[in-house]
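The structure appears right after this line, and notes come after that.
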Amino acid sequence: MTKNKTILITGGAKRIGLAICRYLHDRGYNLIVTYNRSSKEANALKKELNESRAHSCDIVKMNFTGSTNFSKFYKQIMQSFGRIDVLINNASKFYPTKMPMVNEKNWNDLINTNLKTPLFLSKVFKDELKKRKGSIINIIDIHADPPLKDHIIYNISKAGLLSLTKTLAKDLAPHIRVNGVSPGAIMWPKQDLSNVKKQNEILSRIPLKRAGVPNNIAEVVLFLIEHSDYITGQNIDVDGGRKLNM
């Protein structure tokens, strides 16, 4: 029964986050979607979902930084539907950081978004999620382990998110389940869209010999929300078997 159940998803206006939003909304959930720079896409999503089912989607502009007031953000979110049943930490930043690029600015930028924000959101929403017997789902990356070359800080942030997932599963049990989903080759990064050689090289190491689609991630997210009340502390790789050859 999903009536009135509400999901907070960060960074849900584009790419995999957008697919998750549409998929879960189609199955009766209300959504609160945060966005940063994707104002056009977020407003289009809100219009689309509310036309499909009135008063079922709200959007909140939020740039998660080192100075974010998470308590204030919690109060703002709770004004939308008065409840949160699931927290999906999807917002992420991704770019290479070779050793010369390792500096305070890039460290804070990637760590604040990819690791600090999921922890602090989990902290401020834990009492609400406990009350709802809810769950937390972190969108990680198969490159949490093994790491991706020339992406030092990104790798650290995602490895930390994997550890955070397992830690929260222990600390928030038995009331809140916490799991992770790690995408493989689902959507090519912008910098690789025209690099056919690189795409083919990656595809050659995937046992299923094809890239995935965003709904592959959304399906696993729904499974963890609805069909798995005895699973916590796990990370599911959705990668066509690619980690077998990494």
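Excluding ligands, DNA and RNA, what is the solvent-accessible area per residue of the chain at a probe of 1.4 Å, expressed in Å²? Could you put the intermediate results ahead of the total?
Details: 12530 Å² over 246 residues.
Per residue, the chain has 51 Å² of solvent-accessible surface.
Between region 130-209 and region 18-72, how many Å separate their Cα centres?
21
Of all the C-alpha pairs in region 167-223, what % are more than 18 Å from each other?
51
Can you give the translational diffusion coefficient of region 93-149 in µm²/s, computed by Stokes-Einstein from the Kirkwood radius over Cα pairs at 4 °C and 1.567 mPa s?
Numbers: Rh = 13.5 Å.
Diffusion coefficient, whole number: 96 µm²/s.
If I model the chain as equal point scatterers sitting on the Cα atoms and use the Debye formula, what is log10 I(q)/I(0) at q = 0.10, 0.16 Å⁻¹?
Ignoring solvent entirely, the Cα scatterers give -0.46, -1.23.
In whole Hz, what ³J(HN,Hα) sequence does region 113-128 give by Karplus (6.51, -1.76, 1.60; θ = phi - 60°), x for Gly and Pro?
Whole-Hz 3J(HN,Hα) from phi for region 113-128: 6, 7, 10, 5, 4, x, 5, 6, 5, 4, 5, 6, 9, 4, 5, 5.
Work out Dmax and Rg for region 142-245 from the C-alpha atoms and quote the Rg first, both in angstrom.
Computed over the Cα atoms of region 142-245, radius of gyration and Dmax are 15.1, 47 Å.
Put E51, E128 in order of accessible area, largest first, 1.4 Å probe: what do you get?
Per-residue accessible area, sorted high to low, gives E51, E128.
Taking amide hydrogens as modeled 1.01 Å from N in the peptide plane, which residues meet the under 5 Å criterion relative to I32, leaving out close sequence neighbours?
Amide H neighbours of I32: I7, L8, I9, D58.
Please state the charge dipole magnitude for the chain, taken about the Cα centre, from unit charges on C-beta atoms (+1 on K and R, -1 on D and E), reported in debye and rounded to the nearest 20.
Details: 38 positive and 21 negative charges, 55 e Å.
So the dipole magnitude of the chain works out to roughly 260 debye.
Assuming R0 = 30 Å, can you tell me the calculated FRET efficiency for the pair R37 and L208, based on Cβ-Cβ distance, to the nearest 0.05?
Efficiency for this residue pair is about 0.35.
Considering only protein heavy atoms, what is the solvent-accessible area of W107 at a probe of 1.4 Å, reported in Å² to the nearest 10?
100
Residue separation times 0.36 nm, minus the C-alpha to C-alpha distance between D171 and N200: what's the value?
Once the chain is fully extended between D171 and N200, it gains 6.3 nm.
Please work out the FRET efficiency for the pair K131 and K14, using the Cβ-Cβ distance as r and a Förster radius of 35 Å; give the result to the nearest 0.05.
Given R0 = 35 Å and the Cβ-Cβ separation, E is 0.65.
Over the Cα atoms of region 128-190, what is the Rg over Rh ratio if Rh follows Kirkwood?
1.08
In nanometres, what is the gap between the two model label sites at K105 and N245, each 7 Å from Cα along Cα-to-Cβ?
3.9
Jot down the per residue volume, in cubic angstrom and as a whole number, of the convex hull over the alpha-carbon atoms of region 1-88.
87
How long is the gain from K149 to E51 if the chain were fully straight, where each residue apart is worth 0.36 nm and the alpha carbon distance is subtracted?
The K149-E51 span can extend by a further 30.9 nm.
I'd like the carbon and sulfur percentage of the solvent accessible area for the chain, probe radius 1.4 Å, heavy atoms only, ligands and nucleic acids excluded.
53
The values are calculated or read from the model by the stated rules, or taken from the named source; none is laboratory data. Note that the structure is a prediction, hence the values are computed from the model and not measured. With ideal geometry, Cβ positions are generated from the backbone for all residues, glycine too; neighbour counts draw on all protein chains shown. The area values use the complete protein model at the heavy-atom level, side chains included, leaving out ligands, DNA and RNA. Shrake-Rupley method; radii C 1.70, N 1.55, O 1.52, S 1.80 Å.
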